[in-house]
Amino acid sequence: MNSPKHILLIIGGGIAAYKSSELIRLIKKSGMTVRCVLTESGAQFVTPMTLAALSENEVHTTLWSLKDETEMGHIQLSREADLVVVCPATANLLAKMAGGIADDLATTLLLATDTQVLAVPAMNLRMWNHPATQRNIEQLRRDGIIVMQPDEGDMACGEFGPGRLPEPPAVLAEIMNHVIGENIVGPNPLEGQPAFAPDQHRPLHGKHVLVTAGPTREPIDPVRYIANRSSGRQGFAIAAAAADAGAQVTLVAGPVHLPTPTGVMRVDVETALEMEAAVHDALPADVAIMVAAVADWRADTRADQKIKKQKGDAPAPLKLTENPDILAGLAKHSQRPGLLIGFAAETQKIDEHARAKLTKKGCDWIIANDVSGDVMGGAENSVHIVTADGTEIWARLPKPEVARRLVAKIVEEI
Ligand code: CTP
């Protein structure tokens, strides 16, 4: 049997801290162990006694515990974990993390750790929407920290909007995405539980959204391939935003090293032909967003053995064959999605080329991006939305924000 995975759970000070009890229960039920660190303000909402009883482990609250330091140094606490989860992550805690501040046990551990960190934000919607918080989140994501998208709904403060802590089953699903994979020990604790609270505003509930993302990789021989610089980040962010809006999402992903967004069904593929087959298998869909940078050509034949250099000879010419156009094929398919969206990577005459693609490929919208700079593989995107009605030009934005706005536009459309 696989050895159980260890979670270090840091509980910040917000009303949502009470949900940490349920999260601990689910983590334990899934066969993982959990050790808690409670911040001073977190202790205003839950007691160390509750957490100790549920986690069946000692709860750590201070940097200055002689007993803890002699038995287990605080650095060790995070080193022995497979994942550090900050839940709830308050605006204050996120700001300290983004700024590298270490002034208590939780923030010191977070600065000292080289273990993957998952932050689950919860705060008032105005705090969430504040540019400072959004800036901190972008920074944290750039630093490699996974920041979950908060839920939208009624808040403890009486307001309605984004900022609510995602429900514990959704947090557990995210944890399992990162640490467990197929190594689940014990029964699936999510079975029969809805991943989202039923009272939330989920405008795409009941809709199937199909997204392609990342590059394709076209083999030449067993060691070489044709590929491109696509990171998959924009497509993954769109899949995540569609899932947040309540859609059932199928994400057909080329070879990228990105975590699967919460609630998204992912199908990994390598070549354009595999991507085409996976897209057809996923039909019917209400909306398809083809973000993948599909290789236009593949090697005519794939050599079974590594192609060797021939001394004195010029390199053998590489014969290429055109790949099928997956987007154009979907436009003509008998099960064409009601809203079909293509992307266009352009380095010049962006609108002109995008409009030509709209007609040529038979899709409803083209999201054109200027990839002449650092967009491909970068954290931000600058897009033009080209439709039959005209062109909208959006400012340069972080890719998750482009995704959220695009999903909002889709909601409006359908
Ligand atoms: N696309 C596709 N199948 C292909 C090539 C592209 O489905 N074989 C899709 C992409 O996912 C994207 C759109 O078509 O949604 C436009 O991709 P892009 O690479 O910009 O266009 P190309 O058709 O490759 O045109 P060109 O390289 O000439 O600009």
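Only residues that are touching a residue at least 40 places away in the same chain (Cβ under 8 Å), touching a helix residue (DSSP H, G or I) at 6+ places or on another chain (Cβ under 6 Å) and within 16 Å of the ligand (Cβ to nearest atom): list them for the stretch 248-270, please. Within the stretch 248-270, Thr250, Leu251, Val252, Val269 qualify. A search for C-beta distances below 6 Å between a residue of the stretch 142-164 that is touching a residue at least 12 places away in the same chain (Cβ under 8 Å) and any residue that is of a type in the set (Val, Ile, Thr), counting only pairs 6+ apart in sequence or on different chains, returns Ile145/Val117; Val147/Ile137; Met148/Val120; Ala156/Ile15.
Remark: Ile326 falls outside the filter, which requires a residue to be at pLDDT below 90, surrounded by 10 or more Cβ atoms within 10 Å (Cβ to Cβ) and either under 23 Å from Ile238 (Cβ atoms) or in contact with a Cys (Cβ under 7 Å, 6 or more places away or on another chain) (or both). Within the stretch 88-124, the set of residues being farther than 17 Å from Thr62 by Cα and touching a residue at least 60 places away in the same chain (Cβ under 8 Å) comprises Pro88, Ala89, Thr90, Asn92, Thr115, Gln116, Leu118, Ala122, Met123. Select from the stretch 14-49 the residues that are surrounded by fewer than 20 Cβ atoms within 10 Å (Cβ to Cβ) and either touching a strand residue (DSSP E or B) at 6+ places or on another chain (Cβ under 9 Å) or among the hydrophobic types (A, V, I, L, M, F, W, C) (or both) and write down the one among them that is nearest to Leu83 (Cα to Cα). Taking the candidates together, the pick is Thr33. Inclusion of Thr108 among residues that are at pLDDT below 95, in a helix (DSSP H, G or I) and of a type outside the set (D, E, K, R) is warranted. Within the stretch 271-291, restricting attention to residues that are buried (at least 17 other Cβ atoms within 10 Å of the Cβ), within 15 Å of the ligand (Cβ to nearest atom) and not small (Gly, Ala, Ser), which residue is farthest from Ile341 (Cα to Cα)? Here the answer is Thr271. Against the numbered list (1) under 29 Å from Lys399 (Cα atoms); (2) out of contact with any Leu (no Cβ under 9 Å at 6 or more places or on another chain); (3) within 16 Å of the ligand (Cβ to nearest atom), Leu320 comes up short only at (1). For the stretch 210-235, the tally of residues that are in contact with a strand residue (DSSP E or B) (Cβ under 7 Å, 6 or more places away or on another chain) and either closer than 22 Å to Asp300 by Cα or modelled with pLDDT of 95 or more (or both) stands at 15. All of Asp351, Asp296, Asp325 fail the test of being more than 24 Å from Val249 (Cβ to Cβ), under 30 Å from the mean Cα position of the chain (by Cα), touching a residue at least 12 places away in the same chain (Cβ under 8 Å) and within 13 Å of the ligand (Cβ to nearest atom), apart from Asp296.
Mind listing whichever residues of the stretch 1-27 are among the basic types (Lys, Arg) and within 24 Å of the chain's Cα centre (by Cα)? Once the filter is applied, which keeps residues that are among the basic types (Lys, Arg) and within 24 Å of the chain's Cα centre (by Cα), the stretch 1-27 yields Lys5, Lys19.
The values are calculated or read from the model by the stated rules, or taken from the named source; none is laboratory data. If you're wondering where the values come from, they're calculated on a predicted model, not measured in any experiment. When we count neighbours, we look across all protein chains shown, and the Cβ atoms used for this are built from the backbone with ideal geometry, even at glycine.
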